[in-house]
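Student: Just dropping this structure here.
The values are calculated or read from the model by the stated rules, or taken from the named source; none is laboratory data. Computed from a predicted model, the values in this text were never measured in an experiment. In this analysis, Cβ positions are derived from the backbone assuming ideal geometry, glycine residues included, and neighbour counts consider all displayed protein chains.
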Amino acid sequence: MTEHVNLAIVGGGPVGAALATALEGSGLGVAVLEARERLEARDPRAIALSQGARLILERLGAWAHLEARATPIETIHVSQRGGFGRAEFAARDMDVPALGYVVEYGDLCAALAARLAATGAQLLTGARVEAVRATGGYGVVEYRQGGEAHLLTADLVVLAEGGRGLPAHRQEVKDYGQTAVVCTVATELPHARRAYERFTPEGPMALLPLDAGYALVWTLPQAKAERILGLDDAAFLAGLQARFGERQGRFLAASARAAFPLRRVTASPEPRPRCLRIGNAAQTLHPVAGQGFNLGLRDAWKLAQLAWETPRDELGGARLAAAYRAGRRTDVRAGLAMTDLLVELFSNDHALLRLGRGAGLALLDLAPPLKTVFARKMMFGGQAW
């Protein structure tokens with residue numbers, strides 16, 4: 001069985017669904033292939049959405065499905081354990097309603113799935129993609145659905161499935177030797193819409209306001225993460241208290257913990273014609289500063305803009321691919337470099353570096369123009385000023 005569409009999007013997660021939704025009304029035939037039977041996510045992670053991501057989600061019509069479940073971040077407090085210096089960012093100083101928003105990953109998936117269902121795009125669930133290739137005139141997606149083999153041809157094939165099922169032809173992998181332990185925690189003091197980024201020699205620790213509590217992302221060396229996961233609630237909370245401090249009073253409770261190994265993965269440009277990668281299929285970042293999904297969402301938005309503007313007979317051509325890569329190069333490189341620098345600079349206990357980090361944080365806090373530039377790049381991407 002063979003069908004043809006203008007765009008075949010492999011992956012119905014948030015980035016793939018955002019791309020398909022952004023193409024609503026373009027007149028292009030769009031198919032989304034998703035291995036899961038339903039667009040649901042049972043994932044314990046929380047996602048930090050930047051102010052720029054909110055604007056894109058509003059344009060997609062997805063924010064209305066998500067707003068009631070999103071917790072605004074009005075202040076971000078950045079500090080390092082065992083050293084002086086701190087910086088604080090406030091939404092009121094940046095003239096924005098919030099610096100960002102925290103949502104559960106499952107709620108984000110549900111909001112974009114609801115919009116995707118209303119677009120008229122062809123959604124193929126339970127479609128396990130086995131191969132992607134190209135001929136002279138179109139891309140080819142080979143997949144199995146319900147035990148039967150199928151072929152789907154497309155002018156352009158977009159890989160948005162995270163790169164796990166269809167790894168890149170060539171990719172650069174940096175293993176940080178760290179694991180993110182995630183859960184939700186309750187604190188003695190209300191969060192007042194304040195987030196924390198706390199750097200420790202073992203790795204960064206983030207507390208993100210979510211509903212009445214916090215979503216915790218605690219980065220640790222792999223061996224220590226395994227020990228932390230084995231602790232009961234009381235011992236876990238005591239260890240967390242010792243490393244975070246008393247800014248939120250006592251930690252009172254914690255949900256079940258989950259862990260995710262951390263690597264930076266960057267895919268080389270696709271050698272196959274009529275094929276592009278976006279989101280985690282193109283680049284996977286360390287979660288410090290919460291830039292991963294925001295970067296992928298901007299990938300989807302840029303590609304959709306180009307697809308709207310490109311004549312249909314040039315949709316899978318080299319010109320669109322070159323324009324997309326050029327349009328995303330600065331933002332992606334900045335995101336990769338910034339997160340990598342933060343991990344390398346702060347994940348150690350070197351005395352001189354600790355002193356320099358403290359001085360840098362203090363300088364940032366005392367220089368409003370510099371702080372504004374940094375905050376705008378976090379909110380709107382590497383090309384923002």
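Student: In region 261-312, what count of residues is obtained for those that are crowded, with 17+ Cβ neighbours inside 10 Å and part of a strand (DSSP E or B)?
Tutor: 10
Student: Restricting attention to region 165-194, and to residues there that are of a type in the set (G, A, S) and more than 22 Å from the chain's Cα centre (by Cα), which single residue is surrounded by the fewest Cβ atoms within 10 Å (Cβ to Cβ)?
Tutor: Quick first cut of region 165-194, residues of a type in the set (G, A, S) only: 165, 168, 177, 180, 186, 192.
Restricting the remaining residues to those that are more than 22 Å from the chain's Cα centre (by Cα) gives 186, 192.
Working: A186: 16, A192: 9.
If we take residues in region 165-194 being of a type in the set (G, A, S) and more than 22 Å from the chain's Cα centre (by Cα), then A192 is surrounded by the fewest Cβ atoms within 10 Å (Cβ to Cβ).
Student: Among the residues of region 52-97, write down those that are among the basic types (K, R) and more than 23 Å from D299 (Cα to Cα).
Tutor: Just the residues of region 52-97 that are among the basic types (K, R), to begin with: 54, 59, 69, 81, 86, 92.
Selection gives R69, R81, R86, R92.
Student: Could I ask something else about it? Anything in region 185-241 that is in a strand (DSSP E or B) and farther than 29 Å from A90 by Cβ? List them, or say none. Steps first, answer last, please.
Tutor: First, the residues of region 185-241 that are in a strand (DSSP E or B): 185-187, 194-200, 203-210, 213-221.
Once the filter is applied, which keeps residues that are in a strand (DSSP E or B) and farther than 29 Å from A90 by Cβ, region 185-241 yields L220, P221.
Student: Six or more apart or on different chains, Cβ under 8 Å: which pairs go from a residue in region 253-266 that's more than 26 Å from A234 (Cα to Cα) to one that's basic (K, R) and assigned to a strand (DSSP E or B)? Could you list them?
Tutor: R263/K174; R264/K174; V265/K174
Student: Before we move on, is A168 outside any loop (DSSP other than H, G, I, E, B) and either touching a residue at least 24 places away in the same chain (Cβ under 8 Å) or not assigned by TED's automatic domain parsing to the domain that holds G11 (or both)? Give the steps one after another, and end with the answer.
Tutor: Working: outside any loop (DSSP other than H, G, I, E, B): no; either touching a residue at least 24 places away in the same chain (Cβ under 8 Å) or not assigned by TED's automatic domain parsing to the domain that holds G11 (or both): yes.
Here the answer is no, as A168 does not meet what is asked.
Student: Go through (1) closer than 24 Å to R42 by Cα; (2) surrounded by fewer than 20 Cβ atoms within 10 Å (Cβ to Cβ); (3) of a type in the set (A, V, I, L, M) one by one and return the number of the condition A223 breaks.
Tutor: Only one criterion in (1) closer than 24 Å to R42 by Cα; (2) surrounded by fewer than 20 Cβ atoms within 10 Å (Cβ to Cβ); (3) of a type in the set (A, V, I, L, M) is unmet by A223, namely (1).
Student: When you scan region 336-361, how many residues do you find that are assigned to a helix (DSSP H, G or I) and either basic (K, R) or free of Cβ contacts under 8 Å to residues at least 40 places away in the same chain (or both)? First the steps, then the outcome.
Tutor: In the first step, residues of region 336-361 are kept if they are assigned to a helix (DSSP H, G or I); the result is 336-346, 351-361.
If we keep only those that are either basic (K, R) or free of Cβ contacts under 8 Å to residues at least 40 places away in the same chain (or both) as well, we get 337, 341, 344-345, 351-354, 356-357.
Residues in region 336-361 being assigned to a helix (DSSP H, G or I) and either basic (K, R) or free of Cβ contacts under 8 Å to residues at least 40 places away in the same chain (or both): 10 in total.
Student: Another one. Among V181, V140, which is the only one that is in the same structural domain as Q283 (by TED's automatic domain parsing) and of a type in the set (A, V, I, L, M)?
Tutor: Numbers: V181 fails: in the same structural domain as Q283 (by TED's automatic domain parsing).
Of the residues listed, the single one that is in the same structural domain as Q283 (by TED's automatic domain parsing) and of a type in the set (A, V, I, L, M) is V140.
Student: Do we have any residue at all in region 325-335 that's charged (D, E, K, R), touching a residue at least 12 places away in the same chain (Cβ under 8 Å) and surrounded by 16 or more Cβ atoms within 10 Å (Cβ to Cβ)?
Tutor: Restricting attention to region 325-335, the residues satisfying the condition of being charged (D, E, K, R) are 325, 328-329, 331, 333.
This time we only want the ones that are touching a residue at least 12 places away in the same chain (Cβ under 8 Å), so: 325, 328, 331, 333.
Retained after the next criterion (residues that are surrounded by 16 or more Cβ atoms within 10 Å (Cβ to Cβ)): 328, 331.
Looking through region 325-335, at least one residue is charged (D, E, K, R), touching a residue at least 12 places away in the same chain (Cβ under 8 Å) and surrounded by 16 or more Cβ atoms within 10 Å (Cβ to Cβ).
Student: Restricted to region 362-385, and to residues that are assigned to a loop (DSSP other than H, G, I, E, B) and at negative phi, which residue is modelled with the highest pLDDT?
Tutor: Our first condition is that a residue be assigned to a loop (DSSP other than H, G, I, E, B); within region 362-385, this holds for 367, 381-385.
Imposing the further condition that a residue be at negative phi reduces the set to 367, 382-385.
Details: A367: 88, G382: 77, Q383: 70, A384: 65, W385: 51.
Going through the qualifying residues, I end up with A367.
Student: A further question follows. Taking the criterion of being in contact with a Pro (Cβ under 7 Å, 6 or more places away or on another chain), over 27 Å from R312 (Cα atoms) and buried (at least 16 other Cβ atoms within 10 Å of the Cβ), would at least one residue in region 55-71 satisfy it?
Tutor: Going residue by residue through region 55-71, those that are in contact with a Pro (Cβ under 7 Å, 6 or more places away or on another chain) are 71.
Then drop every residue that is not over 27 Å from R312 (Cα atoms), which leaves 71.
Right, trim to buried (at least 16 other Cβ atoms within 10 Å of the Cβ) and you get 71.
Yes - at least one qualifying residue is present in region 55-71.
Student: Can you find a residue in region 79-90 that is without any contact (Cβ under 8 Å) to a residue 60 or more places away in the chain and not hydrophobic (A, V, I, L, M, F, W, C)? Explain how you work it out, then say what you get.
Tutor: Residues of region 79-90 that are without any contact (Cβ under 8 Å) to a residue 60 or more places away in the chain, as a first pass: 90.
Now narrow it down to the ones that are not hydrophobic (A, V, I, L, M, F, W, C): none.
Scanning region 79-90, I find no residue that is without any contact (Cβ under 8 Å) to a residue 60 or more places away in the chain and not hydrophobic (A, V, I, L, M, F, W, C), so the answer is no.
Student: With respect to R128, is the statement that it is touching a residue at least 24 places away in the same chain (Cβ under 8 Å), in a strand (DSSP E or B), more than 19 Å from A17 (Cβ to Cβ) and assigned by TED's automatic domain parsing to the domain that holds P271 true?
Tutor: Working: touching a residue at least 24 places away in the same chain (Cβ under 8 Å): yes; in a strand (DSSP E or B): yes; more than 19 Å from A17 (Cβ to Cβ): no; assigned by TED's automatic domain parsing to the domain that holds P271: yes.
Spelling it out, it is not the case that R128 is touching a residue at least 24 places away in the same chain (Cβ under 8 Å), in a strand (DSSP E or B), more than 19 Å from A17 (Cβ to Cβ) and assigned by TED's automatic domain parsing to the domain that holds P271.
Student: Could I ask something else about it? Looking at region 1-36 only, could you name the residues that are among the aliphatic types (A, V, I, L, M), more than 20 Å from P273 (Cα to Cα) and crowded, with 18+ Cβ neighbours inside 10 Å? Working first, answer last.
Tutor: Going through region 1-36, the residues among the aliphatic types (A, V, I, L, M) turn out to be 1, 5, 7-10, 15, 17-20, 22-23, 28, 30-33, 35.
Filter once more, so that each one left must be more than 20 Å from P273 (Cα to Cα): 1, 15, 17-18, 20, 22-23, 35.
Correct list: V15, A17, A18, A20, A22, L23, A35.
Student: Now, a different point. Within region 119-129, can you find the residues that are surrounded by fewer than 18 Cβ atoms within 10 Å (Cβ to Cβ) and either under 16 Å from R38 (Cβ atoms) or modelled with pLDDT of 95 or more (or both)?
Tutor: Listed by number, the residues that qualify are Q122, T125, G126, R128.
Student: Hey, can you tell me all the residues within region 58-88 that are closer than 21 Å to D211 by Cα and of a type in the set (F, W, Y)?
Tutor: Scanning region 58-88 gives a single hit, W63.
Student: Let me ask something additional. Just name the residue that is farthest from K224 (Cα to Cα) out of those in region 144-164 that are under 18 Å from the mean Cα position of the chain (by Cα) and not β-branched (V, I, T). Explain how you work it out, then say what you get.
Tutor: Initial filter on region 144-164 (under 18 Å from the mean Cα position of the chain (by Cα)): 158-164.
The next check asks that each one be not β-branched (V, I, T); those that pass are 159-164.
On the way: L159: 35, A160: 33, E161: 30, G162: 27, G163: 28, R164: 26 Å.
Among those residues, the one meeting the criterion is L159.
Student: Could you tell me whether any residue of region 307-314 is among the polar types (S, T, N, Q), at pLDDT 90 or above and within 21 Å of the chain's Cα centre (by Cα)?
Tutor: Step one: of region 307-314, the residues among the polar types (S, T, N, Q) are 310.
Okay, now just the ones that are also at pLDDT 90 or above, so 310.
Those left that are additionally within 21 Å of the chain's Cα centre (by Cα): none.
The answer is no; no qualifying residue exists.
Student: Within the group A91, A117, A46, A64, which residue is among the hydrophobic types (A, V, I, L, M, F, W, C) and under 30 Å from H4 (Cβ atoms)? Reasoning before the result, please.
Tutor: Working: A91 fails: under 30 Å from H4 (Cβ atoms); A46 fails: under 30 Å from H4 (Cβ atoms); A64 fails: under 30 Å from H4 (Cβ atoms).
Checking each option against the conditions leaves just A117.
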